[in-house]
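Since the structure comes first, as structure tokens, the remarks are kept for the end.
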Amino acid sequence: MKLKHSFPLILIVVLFGCNTNRVTQLKDYNTYLSAEFDKTELLSSAQIWTNKLETAPNQFPYLTKRANSYTQLFNATGDIGYLKKAEEDLVKAIEITNGIYASHLKSLAINYISQHRFKEALELLKKAEANGEKLNGTKKMLFDVHLELGNYIAAEAYLKQIKNTSDFDYLIRLAKWEDHNGNLDEAIVTMEKAALIAEASKLKGTMQWSYTNLADFYGHAGEIEKSYNFYLKALKLDPNDAYAKKGIAWILFSHEKNSEEALNILDHISTYFKAPDYDLLKSEIAGYINDKKLKSTALASYQKAVENKYYGDMYNTYNIMVYTEDMLLPKQAIEIAMQEVENRPTPQSYDLLAWSYFKNGDVEKANAIIEDYVDGATSEPEVLYHIAEIYKAVGKMDKVKALKGELVASLYELGPTMEQKIKQL
């Protein structure tokens, strides 16, 4: 009888324990999963400028207007074809005008940044800087590109030149800089200030961008409920914000271990937004729940997508991880990683090169790259995990022990598939 009476209490405790991590509620976001995406208006806008260009093909303002419509279509659908069409129009506009307008150069630079063609973007921005038109805006973009390229001294110099603590554009860049330097708390404070300015402006796109970035920052800081609420705020502004939905899917998967619901959200996103990395997240979740069929299907879908030549080097980072972790083809990974280091010589790129050599069995070379270019240069959890594994292989167990504590604290960001790997360090 004693056992019979105690069992319901035990059951209640167990059930309660299972739900202590829950922050999401289906009712909060379910309406956004049934919202139908309609790109008719965006397509119509592009067609208007196409019609005008048919009657006046050398009217460069029409080209830049259509490029803007194509860029909006890319942002809304993830279809790389629209980004390439925008590039074509901007290149033609610059040719027609002999590159005399800095605004055209900057628009093409933004396009190249989206394509991860950072060095080409930098060359365009140097020309725009020499032009002198709206110079402060050019300097903001130069900060962005130098940060992406790992030119941190130059990035900091431009950040100082654009300093204005009441300016949204300055604050979001300061937040990025603080995050880069590992000052996450300060990055959040700064981004909160930027969000207040965005809200005062009532510009929907600016507010939405602020909310998703704050959601990311709070997630990195382990404040999952705040992260979730900011993703919801972004969705309230735009029910088709695929990035915000993906963020909620990650919370469901990594924090709540609700893989089924996370996959439901990703399936919904894939009905209107096409980005290969969403397939990789499906693959990761499938691996966690040991669904081999889904994992194989998701990986195949990713590989087919990135065969599109339009992607260029945009998915190098993902391809390296697929070759090292899933396909076990480290030599191919080394080739791509060397290209990525050439394109973007950051600590993260060198880490991928080191990891590729490590997976190919060249532990000493991997260790040398880590020591020369990576250790102490970034606090990205995935990079720290790679450092720990490589140091473990060469017997630097004191350093591994120090890294392990940081990795345990970053489990949410790394995801549940990494938990066992970190325990085994």
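The values are calculated or read from the model by the stated rules, or taken from the named source; none is laboratory data. Nothing here was measured: the structure is a model prediction, and the numbers come from that model. Virtual Cβ from ideal backbone geometry, glycine too; neighbours counted across all protein chains shown. These accessible areas exclude ligands, DNA and RNA; they are computed on the full protein's heavy atoms, side chains included. Shrake-Rupley method; radii C 1.70, N 1.55, O 1.52, S 1.80 Å.
Tell me, what is the 1.4 Å probe accessible area of M314, in Å² to the nearest 10? Approximately 30 Å² for this residue.
Taking a ≥ b ≥ c as the square roots of the eigenvalues of the Cα gyration tensor of region 65-195, is the shape rounded (a/c under 1.5), prolate (a/b larger than b/c) or oblate?
Numbers: a/c = 2.07, a/b = 1.52, b/c = 1.36.
Judged from the Cα gyration tensor, region 65-195 comes out prolate (a/c at least 1.5, a/b above b/c).
Mean residue ellipticity, 222 nm, helices only, the chain: the sum of -39500 (n - 2.57) across DSSP H runs of n ≥ 4, divided by residue count and rounded to 500, is -23000 deg cm²/dmol.
Shown here is the pair-distance distribution of region 166-311: with all Cα-Cα distances grouped in 5 Å bins from zero up to the longest one, the shares run 2, 10, 17, 17, 18, 14, 13, 7, 3, 1, 0 percent.
Using only the Cα atoms of region 296-362, build the gyration tensor, take square roots of its eigenvalues as a ≥ b ≥ c, and label the shape rounded, prolate or oblate: rounded if a/c is under 1.5, else prolate if a/b is larger than b/c, else oblate. Please list the in-between numbers first.
On the way: a/c = 2.44, a/b = 1.26, b/c = 1.94.
Judged from the Cα gyration tensor, region 296-362 comes out oblate (a/c at least 1.5, b/c at or above a/b).
Of the trypsin sites (Lys or Arg not before Pro) in region 189-255, the ones in a loop by DSSP (not H, G, I, E or B) with at most 13 other beta carbons within 10 Å are K202. Charge tally for I285 (other residues, Cβ to Cβ under 15 Å; Lys, Arg +1; Asp, Glu -1): -4.
Largest GNM mean-square fluctuation across N98, N316, N367, computed for the chain with C-alpha springs under 10 Å, falls on N98.
Using the Cβ of E342 as centre and a radius below 12 Å, the other residues enclosed give a net charge of -1, where K and R count +1 and D and E count -1.
Please sort by residue number the GluC sites (Glu not before Pro) in region 265-359 whose DSSP state is loop and whose Cβ has at most 10 other Cβ atoms within 10 Å. All intermediate terms of the calculation are to be shown ahead of the outcome.
Values: sites: E284, E307, E325, E335, E340, E342; in loops: E307.
When the GluC sites (Glu not before Pro) of region 265-359 are filtered for loop state and at most 10 Cβ neighbours within 10 Å, E307 remain.
A 1.4 Å probe, protein heavy atoms only, puts the accessible area of D89 near 10 Å².
Once the chain from I96 to E223 is taken as fully extended at 0.36 nm per residue, the excess over their C-alpha distance is 40.6 nm. What separates the Cα centres of region 293-324 and region 395-422 is a distance of 26 Å. With a 1.4 Å probe rolled over the protein heavy atoms of all chains, the accessible area of K309, K274 falls in the order K309, K274, largest first. Sparsely packed loop sites in region 95-160 (the trypsin sites (Lys or Arg not before Pro) outside DSSP H, G, I, E and B with at most 10 other Cβ atoms within 10 Å) do not occur.
Stokes-Einstein diffusion for region 265-308 at 20 °C, viscosity 1.002 mPa s, with a Kirkwood radius from C-alpha pairs, works out to 207 µm²/s.
Give the shape of region 285-335 as rounded, prolate or oblate, defined through the alpha-carbon gyration tensor: a ≥ b ≥ c are the square roots of its eigenvalues, a/c under 1.5 means rounded, and otherwise the shape is prolate if a/b is larger than b/c and oblate if not. The partial results should precede the final answer.
On the way: a/c = 2.59, a/b = 1.44, b/c = 1.79.
Judged from the Cα gyration tensor, region 285-335 comes out oblate (a/c at least 1.5, b/c at or above a/b).
Any chance you could run the full-extension gain for N290 through K236? It's 0.36 nm times the residue separation minus the Cα-Cα distance, nm to one decimal.
Result for the pair: 16.0 nm of gain on full extension.
The stretch between D28 and K204, if pulled fully straight at 0.36 nm per residue, gains 61.3 nm over its current Cα-Cα span.
Provide the net charge surrounding Q161, with neighbours chosen by a C-beta distance below 12 Å and charges set as Lys +1, Arg +1, Asp -1, Glu -1. So the surrounding residues net to +3.
Go through 34-44, 64-74 and give me the packing order, highest mean Cβ count within 10 Å leading. Working shown, then result.
On the way: 34-44: 11.5, 64-74: 21.6.
Ranked from most to least packed, the peptides come out as 64-74, 34-44.
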